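Structure first, then comments.
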Amino acid sequence: MALNLTRRQFGPFAVGGVAVALPLRPAWAQAGETRLKYGTAFPADHPGTVRIKEAAEAIRKDTGGKVDLQVFPASQLGSEPDMISQVRSGAIEFMSTAGTNLQTLVPTAGINGVAFAFKDYATVWSAMDGELGATVREALRKVNLHVFDKCLDNGYRNITSGSRPINGPDDLKGFKIRVPGIAMWVSMFRALGAAPTVIPFGELYTALQTKVVDGQENPLALISSAKLYEVQKYCALTGHTWDGHFIFGNARKFNALSKEVQAALTKHLNDAALKQREDVLRLNVDAQAELTKLGTTFNTPDPAPFRGVLQKAGFYSEWKQKFGDEVWAKLEKYAGTLA
């Protein structure tokens, strides 16, 4: 579940201009107001909400005030699995969520979460805006979802520890690490010799404080906002997985909208994703600086030994079989040979 990524508050949004009635105003803009719901687990001040709200204002302006995209942050419309069900039924028109949350519908949706697949953000966006992302989007469209071309950034995940720095895979042997309930990530840490334990995020701070687990893994900004630095001393910038949020909606409802409204939604939601990516990049730098000031010790391990252990343990071959040769080949086009 996505939580507040930063204490930074964003300024007020610019409100679109008042629509003026013109004789040549398009017929689609003269109809009654269309209200569309957009749900997200991101909190109100997260860039993944802020930029979508900005897009909603731009959509309202472009449609002469006739399309009201109502944004509901912080899981106001339900948990992410609940919202996915509501989008499929048409109760909610649009939402965003991680590909790993869509794997029960489309197994390939979580392929971007494969361990150590993307060495940097340039590779991430080359893959997700390119052939790999297109393959996932097409698969999602086959289950009657309309998926927008650009996805939001949910960040690289890094490992924290309360007792010792994690410099390489040997430091993970027997290491009790909290992970979310995602099968691929559980199997990754098991293959690395750790002892992965699934714990709800809301219980994580206490679990670290009472040493139920030795460490955890999350994006830097979330480590900061959740105050995990109070119970964790070390942070290894492993960047072991990257995750993004797809923006999608109910295909039937989207297709029922006029072409002009579809174009406005497409333009502004895709633009919002591109702006949000830049926001998160800045927040990652801010979070590391803040955590350093608060006493966190950082190190940057070499990913090659981790990849080597995963290869020997059969992690990559196992998930290659699950995803299928064709999709895996598209991943390796960007990641290099994994299995």
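Among the residues making up region 223-237, those that are within 24 Å of ASP279 (Cβ to Cβ) and either among the basic types (Lys, Arg) or crowded, with 23+ Cβ neighbours inside 10 Å (or both) are ILE223, SER224, LYS227, CYS235. For the condition at pLDDT below 95 and closer than 15 Å to PHE248 by Cα, ALA55 does not qualify.
When GLY17, GLY65, GLY32 are screened for being of a type outside the set (Phe, Trp, Tyr) and modelled with pLDDT of 85 or more, only GLY65 passes. Check whether at least one residue in region 67-89 is among the acidic types (Asp, Glu), outside any helix (DSSP H, G or I) and touching a residue at least 60 places away in the same chain (Cβ under 8 Å), and report yes or no. No, there is no match, as no residue in region 67-89 is among the acidic types (Asp, Glu), outside any helix (DSSP H, G or I) and touching a residue at least 60 places away in the same chain (Cβ under 8 Å).
Taking LYS293, is it of a type in the set (Lys, Arg), in contact with a Gly (Cβ under 9 Å, 6 or more places away or on another chain) and open to solvent by 60 Å² or more (accessible area, probe 1.4 Å)? Against the criterion (of a type in the set (Lys, Arg), in contact with a Gly (Cβ under 9 Å, 6 or more places away or on another chain) and open to solvent by 60 Å² or more (accessible area, probe 1.4 Å)), LYS293 does not qualify.
Tell me whether region 194-204 contains one or more residues that are more than 24 Å from the chain's Cα centre (by Cα) and touching a residue at least 40 places away in the same chain (Cβ under 8 Å). No: zero hits. Can you find even one residue in region 120-130 that is under 14 Å from the mean Cα position of the chain (by Cα), acidic (Asp, Glu) and under 30 Å from ALA287 (Cβ atoms)? No, that holds for no residue. Restricting region 297-320 to residues that are open to solvent by 20 Å² or more (accessible area, probe 1.4 Å) and farther than 18 Å from ARG190 by Cα, the residue that is farthest from the chain's Cα centre (by Cα) is THR297.
Quick check on region 250-261. Is at least one of its residues more than 21 Å from SER161 (Cα to Cα) and either among the hydroxyl-bearing types (Ser, Thr, Tyr) or within 19 Å of the chain's Cα centre (by Cα) (or both)? Yes; the residues of region 250-261 include at least one that is more than 21 Å from SER161 (Cα to Cα) and either among the hydroxyl-bearing types (Ser, Thr, Tyr) or within 19 Å of the chain's Cα centre (by Cα) (or both). With respect to the conditions (1) touching a Lys or Arg at 6+ places or on another chain (Cβ under 8 Å); (2) of a type outside the set (D, E, K, R); (3) more than 25 Å from ASN284 (Cβ to Cβ); (4) assigned to a helix (DSSP H, G or I), GLY193 falls short on a single one, namely (4). Against the criterion of being open to solvent by less than 30 Å² (accessible area, probe 1.4 Å) and either in contact with a Phe, Trp or Tyr (Cβ under 8 Å, 6 or more places away or on another chain) or aromatic (Phe, Trp, Tyr) (or both), SER258 does not qualify. Please determine, by comparing only the residues of region 121-170 that are free of Cβ contacts under 8 Å to residues at least 24 places away in the same chain and either part of a helix (DSSP H, G or I) or at positive phi (or both), which one is least open to solvent (accessible area, probe 1.4 Å). Among those residues, the one meeting the criterion is GLY133. For region 275-285, the condition of being over 22 Å from THR123 (Cα atoms) and in a helix (DSSP H, G or I) holds for none of the residues.
The values are calculated or read from the model by the stated rules, or taken from the named source; none is laboratory data. Only a predicted model underlies this, so the values are computations on that prediction, with no experimental measurement involved. Because the Cβ atoms are built from the backbone with ideal geometry, glycine has one as well, and the counts that use them run over all protein chains shown. The accessibility values were calculated without ligands, DNA or RNA, using every heavy atom of the protein model including side chains. Shrake-Rupley method; radii C 1.70, N 1.55, O 1.52, S 1.80 Å.
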